[in-house]
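**Q** My questions will all concern the structure given below.
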Amino acid sequence: MYQSPLYERGQERDACGVGFVANISGKREHRILEMALESVTNLTHRGALDADAKTGDGAGISFQTPSAFFAREAERHGARVEPADLAVGMVFLPGNGDQAAARCREAFGRAAKLHGLDVLAWREVPVDPSVLGDAAARSQPRIEQLLLARRSGVSDEDFERALLLARKSAERWAIDEGIEGFYVPSLSHRTIVYKGLLVAYQLKSFYKDLANPEFETSLALFHQRYSTNTFPNWVLAQPFRMLAHNGEINTRQGNQNWIRAREPELHSSVWADEIEELKPIIAPDGSDSSDLDNVLEALVLSGRDPLHALMMLIPEAWENMPNMPKPCRDFYEYHACLTEPWDGPASVSFTDGKVVGAVLDRNGLRPARYLVTDDGVVLMGSEAGMVALDEAHIVRKGRLGPGHMIAVDTERGVLLTNDDIKDMVVDRQPYGAWVQEHLVDLNQYLRSCSVETMQVEHNLQQQQIAFGYTREELQYVIKPMAQDAKEPVGSMGDDTALAAFEKRRRLLSYYFKQKFAQVSNPAIDPIREELVMSLDVYLGQRRSLFEETPEHARLLRLSSPLMVNEQIDAVRAMNGPDRFSSEVIACLFPTSEGADGLEPALRRVCEAASEAIEHGADILILSDRNVDEANAPIPMLLAVGAVHHHLIREGKRMRASIIAETAEARDVHQVALLIGYGASAVNPYLAFETISNIFFSGGFKDISDIDKALSRYESAVDAGVLKIMSKMGISCVSSYQGAQIFEAIGIGKDVIDVAFAGTPS
């Protein structure tokens, strides 16, 4: 099948209308469902319409399962079950034939029984296809509900876990069999999702169940989708199983890679041997929102509540906030050792069927307003005025601030403000003590000990020639960065030929172009919004995402991904059982072998990295030092990308961090590429030597201290990386790392697959 080189399903994102309605007391009423339907209908303008004016980008609603109604449905099919023991799966089946649908039912039934669930009945969901637009009608799946019962002695949490494992098993079967059109919008004894390729106002008329007064709930999520650059379909309509999202996760590619890399390291007393059944955590062919939903669901069913899990995944900007309470800062600092943020503009509503709430991204780039009525109803959404309410009955109004959260606990009957939530979650473990004991700050370490700096003898000009330095770069790029502490200003545009068409060979970095955020407009201003930006990176072994131990914080923290020579020498010298173990891997190949020597040398580097991890290394230093007439450098970008993906494929990536010690990187784009393809930190040693040479040759007129020139260059690189991140709506370099937010022009598929997997070229 032909695959466009520029279109990638993985790049699909959307911007929408989203919110929730809840009754603080926990009382279930049909009124709550009606208010949610009215709200999403009044957000129709936040969606989009096809040319037929009837097909939308998708709309849906999630609410507590009306168990009594479905227990009667089960009885109608000859099965008796207590409502509390009943689970309902909303299932999309292939609409292109009875045989395919029958195979899916049988497979799903087998998966349910395998995980200790009793299959009661299949129910055909009453729908009215006449309300659909042409495109929606052509793609409409068969929509049915599977009724399941738990066996005696199974707790609520274990019931939910069994349902997840059954769904995962059925999904894997469908993929293995090549079945298209099989999808499970929800499978739970707590919540149910009604969604589709609809415009919001069509929800109630298409799904006849939603008009049934027996459908009572104390909470409901709603969502009207607006897909800016996606192909709408029934599956990608929201809400997903636990959340509804307005915005875009700009770090999605990296988040996917890191979750896949974490899977071999996952272990949990909750799952024991069944943890293998959870994989892959992220389902293929999803969207940024569905990927986040997959991870949230896994975290919650592994023992955390959704408030805790979302504080991990979408943390507020804690790094530079001067007045943040210490317990809260300790919580975020500890969890930064566990996972990188899912970064980008986001207003997320969520529920596990007991707690319903909303969280805003660290920048506050999406609207989230709420109100509370005197009869205990909370309404939160993308806009004010979604439901016609008498102002006399509104006792409170507000909006979420950057990184803030609000929630309703329907079991306890309480409204939780941002401060309530943070105070409750951050004291669950002694996070501050764990960080204090195990996290090592490299700058503090250097202040407390002396490090011998490596002295290397070589011809500077020969090294510059070997790595493709030009006079223009020395004069108009490197020198101005060290002089002015910022990137040099140039003309708008780029009139040089594409690297693939150049007669003169160019560095690999010139084959890559940065991407820009689709809906993060305007871009973040990294200068005026510096409080939300972060360059902190962490080195060392990462442990299971599903557990919390003091050792999870045993990492080395850097305040910037740009490492000076003294810092990388300190990392080399730290080797020992009580510290960190590093291994230097030479990224060179014999010049005598010519171009044919590059590929086997790259394989040797990957194998050496894998062996170093087996021998206990938790920091890998990929180095292109010692280039001479007999040894040519492997392009560092190629080496970093190849090692990164090789270790992911081998299941070892989370056991070690990668540092690029390279003469190749000297400008901001090159540093950003190395970070974007997996390096935690970069040491551009030849750039530092070049600046020193310019200084001692009298090239800087108003700088009398070499340390000042080097420091200004570091500041220029840091500011440049922040600027690049901001164009993609990303605030944290830990999220930018491995995010692969680039497109390539002129790089063959074999090279992409080895070192840049997932990059369009």
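The values are calculated or read from the model by the stated rules, or taken from the named source; none is laboratory data. Computed from a predicted structure; not experimentally measured. Here the Cβ is made from the backbone with ideal geometry for all residues, glycine too, and neighbour counts use every protein chain on show. With ligands, DNA and RNA removed, areas are computed over all heavy atoms of the protein, side chains included. Shrake-Rupley method; radii C 1.70, N 1.55, O 1.52, S 1.80 Å.
**Q** Name the one entry in SER544, SER534 that is open to solvent by less than 40 Å² (accessible area, probe 1.4 Å) and in contact with a His (Cβ under 6 Å, 6 or more places away or on another chain).
**A** SER544
**Q** Could you list, ordered by first residue, the pairs with Cβ atoms under 9 Å in which the first is in region 478-501 and farther than 20 Å from GLU664 by Cα and among the charged types (D, E, K, R) and the second is open to solvent by 40 Å² or more (accessible area, probe 1.4 Å) and not in a loop (DSSP other than H, G, I, E, B), at least 6 apart or interchain?
**A** Final answer for the pair search is ASP484/ARG712.
**Q** Hey, ARG603 hits all of (1) in contact (Cβ under 8 Å) with a residue 24 or more places away in the chain; (2) farther than 14 Å from GLY738 by Cα but one; which does it fall short on?
**A** Here ARG603 meets the rest and fails (1).
**Q** Looking at region 206-242 only, could you name the residues that are among the hydrophobic types (A, V, I, L, M, F, W, C) and touching a strand residue (DSSP E or B) at 6+ places or on another chain (Cβ under 7 Å)? Break it down stepwise before answering.
**A** First pass over region 206-242, keeping only residues among the hydrophobic types (A, V, I, L, M, F, W, C): 206, 210-211, 215, 219-222, 231, 234-237, 240, 242.
Matches in region 206-242: PHE206, LEU210, LEU219, ALA220, LEU221, PHE222, TRP234, VAL235, ALA237, MET242.
**Q** Filtering region 640-671 down to residues that are of a type in the set (D, E, K, R) and outside any helix (DSSP H, G or I), which residue is farthest from ASN565 (Cα to Cα)?
**A** LYS652
**Q** Could you tell me whether LEU236 is under 22 Å from ASN418 (Cα atoms), open to solvent by less than 10 Å² (accessible area, probe 1.4 Å) and either touching a Lys or Arg at 6+ places or on another chain (Cβ under 9 Å) or not charged (D, E, K, R) (or both)? Even if it seems obvious, please write down each step before you answer.
**A** Working: under 22 Å from ASN418 (Cα atoms): no; open to solvent by less than 10 Å² (accessible area, probe 1.4 Å): yes; either touching a Lys or Arg at 6+ places or on another chain (Cβ under 9 Å) or not charged (D, E, K, R) (or both): yes.
The answer is no for LEU236.
Residue-by-condition table, conditions (1) outside any loop (DSSP other than H, G, I, E, B); (2) loosely packed, with under 13 Cβ neighbours inside 10 Å; (3) among the β-branched types (Val, Ile, Thr):
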position: GLY403; (1), (2), (3): no, no, no
position: LEU415; (1), (2), (3): yes, no, no
position: VAL435; (1), (2), (3): yes, no, yes
position: VAL451; (1), (2), (3): no, no, yes
position: LEU474; (1), (2), (3): yes, no, no
position: ALA482; (1), (2), (3): yes, no, no
position: LYS486; (1), (2), (3): no, no, no
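**Q** Which of the residues belonging to region 111-144 are assigned to a helix (DSSP H, G or I), over 35 Å from the mean Cα position of the chain (by Cα) and not polar (S, T, N, Q)?
**A** Scanning region 111-144 gives PRO129, VAL131.
**Q** Taking only region 273-283 into account, find how many residues are in contact (Cβ under 8 Å) with a residue 40 or more places away in the chain and within 18 Å of TRP342 (Cα to Cα).
**A** Summing the residues that are in contact (Cβ under 8 Å) with a residue 40 or more places away in the chain and within 18 Å of TRP342 (Cα to Cα) in region 273-283 gives 1.
**Q** Related question: Of all residues being open to solvent by 10 Å² or more (accessible area, probe 1.4 Å) and at pLDDT 95 or above in region 210-233, which is nearest to ASP352 (Cα to Cα)? Just the residue, please.
**A** Taking the candidates together, the pick is GLU216.
**Q** Sticking with this structure for a sec: With the requirement that a residue be among the small types (Gly, Ala, Ser), over 30 Å from ARG28 (Cβ atoms) and assigned to a loop (DSSP other than H, G, I, E, B), what does region 320-370 give you?
**A** GLY344, GLY364
**Q** Report, ordered by the first and then the second residue, all pairs with beta carbons closer than 8 Å, sequence separation of six or more or different chains, a first member in region 300-319 that is at positive phi, and a second member that is open to solvent by 10 Å² or more (accessible area, probe 1.4 Å) and hydrophobic (A, V, I, L, M, F, W, C).
**A** Close Cβ pairs satisfying both conditions: GLY303/VAL270; GLY303/PHE546.
**Q** Specify the residue that is farthest from SER534 (Cα to Cα); the eligible residues are those in region 723-761 that are among the aliphatic types (A, V, I, L, M) and touching an Asp or Glu at 6+ places or on another chain (Cβ under 8 Å). Break it down into steps so the answer makes sense when it comes.
**A** Looking only at region 723-761, we keep the residues that are among the aliphatic types (A, V, I, L, M), and these are 724-725, 728, 730, 733, 739, 741, 744-745, 747, 751-752, 754-755, 757.
Imposing the further condition that a residue be touching an Asp or Glu at 6+ places or on another chain (Cβ under 8 Å) reduces the set to 730, 733.
On the way: ILE730: 10, VAL733: 6 Å.
Of everything passing the filter in region 723-761, ILE730 is farthest from SER534 (Cα to Cα).
**Q** Being part of a loop (DSSP other than H, G, I, E, B) and open to solvent by less than 20 Å² (accessible area, probe 1.4 Å) is the filter here, so list the residues in region 371-389 that pass it.
**A** Scanning region 371-389 gives GLY376, SER382, MET386, VAL387.
**Q** Based on what the data block shows, is SER188 at pLDDT 95 or above and out of contact with any strand residue (DSSP E or B) (no Cβ under 9 Å at 6 or more places or on another chain)? Step through it out loud before you land on a result.
**A** Values: at pLDDT 95 or above: yes; out of contact with any strand residue (DSSP E or B) (no Cβ under 9 Å at 6 or more places or on another chain): no.
No; evaluated as a whole, the condition is false for this residue.
**Q** Can you tell me which residues in region 88-100 are open to solvent by less than 10 Å² (accessible area, probe 1.4 Å) and part of a loop (DSSP other than H, G, I, E, B)? Can you show your working first?
**A** So in region 88-100, the residues open to solvent by less than 10 Å² (accessible area, probe 1.4 Å) come out as 88-94.
Selection gives PRO94 alone.
**Q** Additional query: Tell me which residues, restricted to region 71-87, are small (Gly, Ala, Ser), open to solvent by less than 50 Å² (accessible area, probe 1.4 Å) and out of contact with any helix residue (DSSP H, G or I) (no Cβ under 7 Å at 6 or more places or on another chain).
**A** ALA74, ALA79
**Q** Name the single residue that is farthest from THR217 (Cα to Cα) among those in region 32-87 being without any contact (Cβ under 8 Å) to a residue 60 or more places away in the chain and in a loop (DSSP other than H, G, I, E, B).
**A** ALA51
**Q** Specify which of the listed residues (ASP423, ASP409, ASP419, ASP427) is within 24 Å of PRO315 (Cα to Cα), among the acidic types (Asp, Glu) and buried (at least 18 other Cβ atoms within 10 Å of the Cβ).
**A** When all the criteria are applied, what remains is ASP409.
**Q** Here is a follow-up. In region 167-185, what residues are out of contact with any strand residue (DSSP E or B) (no Cβ under 6 Å at 6 or more places or on another chain) and under 18 Å from LEU278 (Cβ atoms)? Explain how you work it out, then say what you get.
**A** Step one: filter region 167-185 for residues out of contact with any strand residue (DSSP E or B) (no Cβ under 6 Å at 6 or more places or on another chain), giving 168-182.
Answer for region 167-185, where residues must be out of contact with any strand residue (DSSP E or B) (no Cβ under 6 Å at 6 or more places or on another chain) and under 18 Å from LEU278 (Cβ atoms): LYS168, SER169, ALA170, GLU171, ARG172, TRP173, ALA174, ILE175, ASP176.
**Q** Right, another one. Any residue in region 666-691 that's closer than 16 Å to ILE465 by Cα and hydroxyl-bearing (Ser, Thr, Tyr): show its pairings with residues that are part of a helix (DSSP H, G or I) and open to solvent by less than 10 Å² (accessible area, probe 1.4 Å) at Cβ separation under 6 Å, as long as the two are six or more apart or on different chains.
**A** Every condition considered, the pairs that remain are THR690/ILE478.
**Q** Let me ask something additional. Here is a list: ARG150, ARG103, ARG138, ARG110. Which entry is under 13 Å from SER169 (Cα atoms) and either open to solvent by 10 Å² or more (accessible area, probe 1.4 Å) or in contact (Cβ under 8 Å) with a residue 12 or more places away in the chain (or both)?
**A** Just one listed residue meets the conditions, ARG110.
**Q** Return the residues of region 417-433 that are assigned to a loop (DSSP other than H, G, I, E, B) and in contact with a helix residue (DSSP H, G or I) (Cβ under 9 Å, 6 or more places away or on another chain); say none if nothing qualifies.
**A** Selection gives ASP427, ARG428, GLN429, PRO430.
**Q** Right, another one. Of the residues ASP705, ASP718, which is open to solvent by 10 Å² or more (accessible area, probe 1.4 Å), in contact (Cβ under 8 Å) with a residue 12 or more places away in the chain and either under 21 Å from ILE619 (Cβ atoms) or over 20 Å from the mean Cα position of the chain (by Cα) (or both)? Walk me through how you get there before you give the answer.
**A** Working: ASP705 fails: in contact (Cβ under 8 Å) with a residue 12 or more places away in the chain.
Of ASP705, ASP718, the one residue that is open to solvent by 10 Å² or more (accessible area, probe 1.4 Å), in contact (Cβ under 8 Å) with a residue 12 or more places away in the chain and either under 21 Å from ILE619 (Cβ atoms) or over 20 Å from the mean Cα position of the chain (by Cα) (or both) is ASP718.
**Q** When the residues of region 549-587 are filtered to those that are at pLDDT 95 or above, out of contact with any Gly (no Cβ under 9 Å at 6 or more places or on another chain) and more than 19 Å from ASN683 (Cβ to Cβ), which remaining residue is surrounded by the most Cβ atoms within 10 Å (Cβ to Cβ)?
**A** Among residues in region 549-587 that are at pLDDT 95 or above, out of contact with any Gly (no Cβ under 9 Å at 6 or more places or on another chain) and more than 19 Å from ASN683 (Cβ to Cβ), the one surrounded by the most Cβ atoms within 10 Å (Cβ to Cβ) is ALA553.
**Q** I would also like to ask the following. Is it true that GLU171 is acidic (Asp, Glu), at pLDDT 95 or above, open to solvent by less than 40 Å² (accessible area, probe 1.4 Å) and not in a loop (DSSP other than H, G, I, E, B)?
**A** yes
**Q** Let me ask something else. Looking for something open to solvent by 10 Å² or more (accessible area, probe 1.4 Å) and β-branched (Val, Ile, Thr) - is there at least one such residue anywhere in region 680-701?
**A** yes
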